[in-house]
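Notes follow the structure.
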There are 2 protein chains.
Amino acid sequence: MPREITGFSNETVKRVRSLRDKKHRRQEGLFLAEGLRILAEAEEAGFLPEMLFYARDSASHPIVTRLIAATEAAGGDVIETIPDILHKLSGKENPQAVIGVYRERATPLSAIDRASADIWLVAQAMRDPGNLGTMLRTGDAVGAGGLILIDDCVDPFSVEAVRASMGALFTQTIATARWAEFIAWLRTGPGTLVGTSLNASHDYQEPHYPRPTFILTGNEARGLPADYEADCDLLVKMPMLGKADSLNAAVATAVMAYEVLNQHRRG
Amino acid sequence: MPREITGFSNETVKRVRSLRDKKHRRQEGLFLAEGLRILAEAEEAGFLPEMLFYARDSASHPIVTRLIAATEAAGGDVIETIPDILHKLSGKENPQAVIGVYRERATPLSAIDRASADIWLVAQAMRDPGNLGTMLRTGDAVGAGGLILIDDCVDPFSVEAVRASMGALFTQTIATARWAEFIAWLRTGPGTLVGTSLNASHDYQEPHYPRPTFILTGNEARGLPADYEADCDLLVKMPMLGKADSLNAAVATAVMAYEVLNQHRRG
């Protein structure tokens, strides 16, 4: 049976609210996801929340009913509450009907089966949670296997990144590695590493992209370090016809990823 | 000669800070842009600020020196100040060295020369300022003529949109129109209207895109209204191989825009 919480000073509410901070996420190994769409996608991908908060007046919604039953069956904590508490937990003006608390997971590089997908995304020192979440969403769309985070990236389990991923956080493998470790692993098997770079001499439509292709995107402001570029198999650039010299990092990744996918679709 | 302001309660500081709110931007017809890169790009595009704030210790930077001289020559108000005031104006933790106050401008549809570019972007009810700014940045990159805003879009002159545009706000034409007005104008000349839609039967790489092509992207959550889709010449969709059914709106626009550009590049 769901329990009920309607008090703002409740310890559980305070604890879950603290998961909006990275420090508390690391301590607890938990993160927040909100909204019917994202929680339903998580369930479909095989992930149930350890705690499920839902608004009392949404209990009869078929997806909410299903999430409640599944979470209880899995031994999770199901909590009926009020919109004001959901607002407090999510920080959003118009809180979603459901919020789930999930266990963080990270896949070690050694556990990645690179042959399971034709495209892998790699982000280096990505600082914007919206960009990181958007890259996960794009990765899902192009059938990528996952996202490998290099150096000091923003936390993929932040509320903003989870929101921008639109549930792809649950379907994409996420790994974290230092550059040397990533390159060492990459070279133990097939895989072409393509960096997008202002210093590239190749137009991004020139090369033939083998399977799997690893698409590497650098920090929003600085791009890729020169020694990382030197480790790439290919450096490519998109045509830039205007005054600006670069695209938004998540946009550049998507334009590259669809080019690789389009080549693979042509066979 | 620049004047100096170091007091937080200064009327000019209060007035400029208020430009972070849409209401005050509309009243004054002014907006904020920050950072050397964006202000330099504005100058290159022929736009100087009506007011220029710069940090005292950055006055010797060659771009700052040039901006000060150009703004004074054009009769603008040049103000030397301190980092704390720049922080107050921009709302950013690490404020940029310069902040400019610019006059808003809007181009009426009737003044748009559609033949001046092969691609035009059209956004319908776009709600996220980051998405809108990113669309402007992508438009600049693909050589688009500008962005036409339909229905209730987020303000392109908001601090977040200006920031995400990375200066493209100054190089892209921006127009605002109701749908009926836009369609009436569109049909007075050449131009193919392509909507991205989940309901499309055509893969986005199938059609041949004439010049100019107008790329229409709908609201982040709801997509395009059915009657707007009915007015399009073509509805297309990107392949979606994963669990999600859509891309981020700015990403979808960019993937489409690069497809059109790539076709045009092939001749």
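The values are calculated or read from the model by the stated rules, or taken from the named source; none is laboratory data. On a predicted model such as this, the values are computed, not experimentally measured, just so you know. All Cβ positions, glycine included, derive from the backbone under ideal geometry; neighbour counts span all protein chains shown.
Give the residue, chosen from B:Thr196, B:Thr171, that is touching a Gly at 6+ places or on another chain (Cβ under 7 Å), of a type outside the set (Phe, Trp, Tyr) and within 14 Å of chain A (Cβ to nearest Cβ). It would help to see each step written out before you state the result.
On the way: B:Thr196 fails: touching a Gly at 6+ places or on another chain (Cβ under 7 Å).
Checking each option against the conditions leaves just B:Thr171.
Could we say that B:Ala250 is small (Gly, Ala, Ser), in a loop (DSSP other than H, G, I, E, B) and within 30 Å of A:Glu43 (Cα to Cα) here?
no
Assess whether B:Ala125 counts as being away from chain A (no Cβ under 14 Å), in contact (Cβ under 8 Å) with a residue 12 or more places away in the chain and on the phi > 0 side of the Ramachandran plot.
Taking the combined requirement at face value, the residue satisfies it.
If I ask for residues that are more than 23 Å from the chain's Cα centre (by Cα), within 17 Å of A:Leu19 (Cα to Cα) and either among the acidic types (Asp, Glu) or buried (at least 21 other Cβ atoms within 10 Å of the Cβ) (or both), which ones from region A:80-93 would you list?
A:Ile85
Looking at (1) within 30 Å of A:Ile215 (Cβ to Cβ); (2) outside the structural domain of A:Pro212 (by TED's automatic domain parsing); (3) surrounded by fewer than 21 Cβ atoms within 10 Å (Cβ to Cβ), which one does A:Glu34 not meet, given that it meets all the others?
The number of the failed condition is (3).
Go through region A:20-53 and report how many residues are small (Gly, Ala, Ser) and part of a strand (DSSP E or B).
Going through region A:20-53 one residue at a time, the tally reaches 1.
Name the single residue that is surrounded by the most Cβ atoms within 10 Å (Cβ to Cβ) among those in region A:252-267 being within 20 Å of A:Met126 (Cβ to Cβ) and at the interface with another protein chain (Cβ under 7 Å from one of its Cβ atoms).
Selected residue: A:Ala254.
Step by step: first the residues of region A:196-212, then only those that are loosely packed, with under 13 Cβ neighbours inside 10 Å and modelled with pLDDT of 95 or more, then the one that is nearest to the chain's Cα centre (by Cα). Which residue is that?
If we take residues in region A:196-212 being loosely packed, with under 13 Cβ neighbours inside 10 Å and modelled with pLDDT of 95 or more, then A:His208 is nearest to the chain's Cα centre (by Cα).
Restricting attention to region B:34-69, report how many residues are aliphatic (A, V, I, L, M), more than 12 Å from chain A (Cβ to nearest Cβ) and more than 21 Å from B:His87 (Cβ to Cβ). Explain how you work it out, then say what you get.
The first filter runs over region B:34-69 and keeps only residues aliphatic (A, V, I, L, M), leaving B:36, B:38-40, B:42, B:45, B:48, B:51-52, B:55, B:59, B:63-64, B:67-69.
With more than 12 Å from chain A (Cβ to nearest Cβ) added as a condition, the list becomes B:36, B:39, B:48, B:51-52, B:55, B:59, B:63-64, B:67-69.
Narrowing further to those that are more than 21 Å from B:His87 (Cβ to Cβ): B:48, B:69.
So the answer is 2.
Identify, please: which residue in region B:220-251 is closer than 16 Å to A:Val255 by Cα and surrounded by fewer than 22 Cβ atoms within 10 Å (Cβ to Cβ) and is, among those, nearest to the other protein chains (Cβ to nearest Cβ)?
B:Leu241
Considering region A:203-218 alone, what residues qualify as being in contact with a strand residue (DSSP E or B) (Cβ under 6 Å, 6 or more places away or on another chain) and of a type in the set (S, T, N, Q)?
Those that are in contact with a strand residue (DSSP E or B) (Cβ under 6 Å, 6 or more places away or on another chain) and of a type in the set (S, T, N, Q): A:Thr213, A:Thr217.
When the residues of region A:54-89 are narrowed to those that are touching a helix residue (DSSP H, G or I) at 6+ places or on another chain (Cβ under 6 Å) and outside any helix (DSSP H, G or I), which ends up nearest to A:Arg105 (Cα to Cα)?
If we take residues in region A:54-89 being touching a helix residue (DSSP H, G or I) at 6+ places or on another chain (Cβ under 6 Å) and outside any helix (DSSP H, G or I), then A:Val78 is nearest to A:Arg105 (Cα to Cα).
I'd like to check something: does region B:202-219 contain any residue that is away from every other protein chain (no Cβ under 13 Å), among the aromatic types (Phe, Trp, Tyr), assigned to a loop (DSSP other than H, G, I, E, B) and farther than 27 Å from A:Leu169 by Cβ?
Yes, the conditions are met somewhere in region B:202-219.
So which residues in region B:136-163 are more than 7 Å from chain A (Cβ to nearest Cβ), assigned to a helix (DSSP H, G or I), buried (at least 24 other Cβ atoms within 10 Å of the Cβ) and free of Cβ contacts under 8 Å to residues at least 40 places away in the same chain?
B:Leu136, B:Ala161
Which of the residues spanning region B:129-146 are of a type outside the set (Gly, Ala, Ser) and within 12 Å of the chain's Cα centre (by Cα)?
B:Pro129, B:Asn131, B:Leu132, B:Thr134, B:Met135, B:Leu136, B:Arg137, B:Thr138, B:Asp140
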